[in-house]
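Take a look at the structure set out below.
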Amino acid sequence: MANTAPLVMRLVGSSIKIAHRAGNIIRDVMCRGDLGIIEKGKDDLQTEADRSAQRCIVASLSKLFPNITIIGEEGASDLNVPDDWLITESNAEFLEKHKCPETLADLKESDVVVWVDPLDGTSEYTQGFLERVTVLIGIAINDRAVGGVIHQPYYKAESGDVGRTIWGLKGCGTGGILPVNPPSDRFLVTTTRSHSNGIVQSALDALAPDEVLRVGGAGYKVLQLLEGKAHAYVFASAGCKKWDTCAPEAVLEAHGGTLTDMLGHHYRYGKDVTFPNSSGVLGTAAGVSHYNILSKIPDTVRQAMYQA
Ligand SMILES: Nc1ncnc2c1ncn2[C@@H]1O[C@H](COP(=O)(O)O)[C@@H](O)[C@H]1OP(=O)(O)O
Ligand SMILES: [Mg+2]
Ligand SMILES: [Mg+2]
Ligand SMILES: [Mg+2]
């Protein structure tokens, strides 16, 4: 079954297993205590967990799918990895219970670009906000984000289990989470904790939310939209890159939400696009009017996004 399933189903099924393994690596690095932090730029860190998780993900995916394009945040990786980092199996439950959407049934590996953020929320990881850390594997087909996995290695379930893996595939749905609608009597917005500026704040002020949640990580903020903790994810600034939004966009939209730039355009995820999401990020939960929020964004903010 696993090997004969359509390509996109095998990609999602394998990514569920691979992201879980990457999450174990992230926890192991933290337990060992030496994070091996490198400063890549301003407010931009990399740790041994980012490097090792990416090696696990890219080595596993490229062995299983040799002709797809894989682009990872941490650049070229040494794919000579320990045997137990190489994940070859797929999530059987996903493959057994879900049918491939017809429009995605007939794809070649060369149609696929996978965007890998091995550890989203590195700054949160180094500062102990561990629940906000996610592993993101986004699947783009013909330029569009269509599928993805968001793994949360430090999620604590009521059952006591640690870690959870959420998947989404457009035309198929989402799994690994029980989505909840946001409250109808309050308007809640989630935004950056560590990358704010005057323009980011102007966009928030214009929306006049009842509450602003400031939390790190693009993956985590999209989980907040799925869990009904916020109506909108608003970030009117450059800084996020394609690997930050590909999986979150696909997972959110597979459940009926929307994720675009601050001008209302979907980002493109083909193999030749530039990495920065220079015109910001606007995500809305299912049932929330994306258009209504866009219409409240002031011209000063829109112009800053055009110029970016
Ligand atoms: N200025 C920036 N430089 C580098 N990465 C950024 C920047 N702004 C945002 N990001 C990435 O987008 C994610 C979401 O941003 P924020 O937490 O500010 O909302 C961050 O966790 C980070 O991903 P990563 O941790 O994978 O490097
Ligand atoms: Mg980073
Ligand atoms: Mg990231
Ligand atoms: Mg990252």
L7 vs (1) within 16 Å of ligand 1 (Cβ to nearest atom); (2) surrounded by fewer than 23 Cβ atoms within 10 Å (Cβ to Cβ); (3) among the hydrophobic types (A, V, I, L, M, F, W, C): all pass except (1)
Scanning segment 13-48 for residues that are of a type in the set (A, V, I, L, M, F, W, C) and closer than 25 Å to I177 by Cα, the one farthest from the chain's Cα centre (by Cα) turns out to be I25
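Let's see how each residue does on (1) within 16 Å of ligand 3 (Cβ to nearest atom); (2) farther than 30 Å from L95 by Cα:
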residue: L178; (1), (2): no, no
residue: N181; (1), (2): no, no
residue: I199; (1), (2): no, yes
residue: D210; (1), (2): no, yes
residue: V222; (1), (2): yes, no
residue: H231; (1), (2): no, yes
Problem set entry | Filter result for A254 (within 15 Å of ligand 3 (Cβ to nearest atom), in contact with a Cys (Cβ under 8 Å, 6 or more places away or on another chain), closer than 30 Å to I70 by Cβ and of a type in the set (G, A, S)) | no
Residue pairs qualifying under the 8 Å Cβ cut-off, at least six apart or on distinct chains, with the first in segment 54-73 being within 16 Å of G13 (Cα to Cα) and touching a residue at least 40 places away in the same chain (Cβ under 8 Å) and the second being within 16 Å of ligand 2 (Cβ to nearest atom) and of a type in the set (S, T, Y), are V58/S77
The lone condition S123 fails out of (1) within 16 Å of ligand 4 (Cβ to nearest atom); (2) touching a helix residue (DSSP H, G or I) at 6+ places or on another chain (Cβ under 7 Å); (3) of a type in the set (G, A, S) is (2)
Of K63, K40, the only residue that is within 14 Å of ligand 1 (Cβ to nearest atom) and surrounded by fewer than 22 Cβ atoms within 10 Å (Cβ to Cβ) is K40
* With respect to H290, determine if the residue is of a type outside the set (K, R), under 16 Å from the mean Cα position of the chain (by Cα) and surrounded by fewer than 24 Cβ atoms within 10 Å (Cβ to Cβ). => no
> If we scan segment 159-167, do we find a residue that is assigned to a strand (DSSP E or B), surrounded by fewer than 14 Cβ atoms within 10 Å (Cβ to Cβ) and on the phi < 0 side of the Ramachandran plot?
Replying inline: yes
Filter segment 121-141 for residues that are of a type outside the set (G, A, S) and in a loop (DSSP other than H, G, I, E, B); the one that is nearest to S14 (Cα to Cα) is V133
Of the residues in segment 66-83, those that are surrounded by fewer than 19 Cβ atoms within 10 Å (Cβ to Cβ) and within 14 Å of ligand 4 (Cβ to nearest atom) come to G75
Listed by first then second residue, the pairs whose first member lies in segment 99-120 and is farther than 18 Å from C240 by Cβ, whose partner is within 16 Å of ligand 1 (Cβ to nearest atom) and modelled with pLDDT under 95, with beta carbons under 7 Å and at least 6 positions apart or on separate chains, are none
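The values are calculated or read from the model by the stated rules, or taken from the named source; none is laboratory data. Note that the structure is a prediction, hence the values are computed from the model and not measured. Counting neighbours? That spans all protein chains shown, and the Cβs are built from the backbone with ideal geometry, glycine included.
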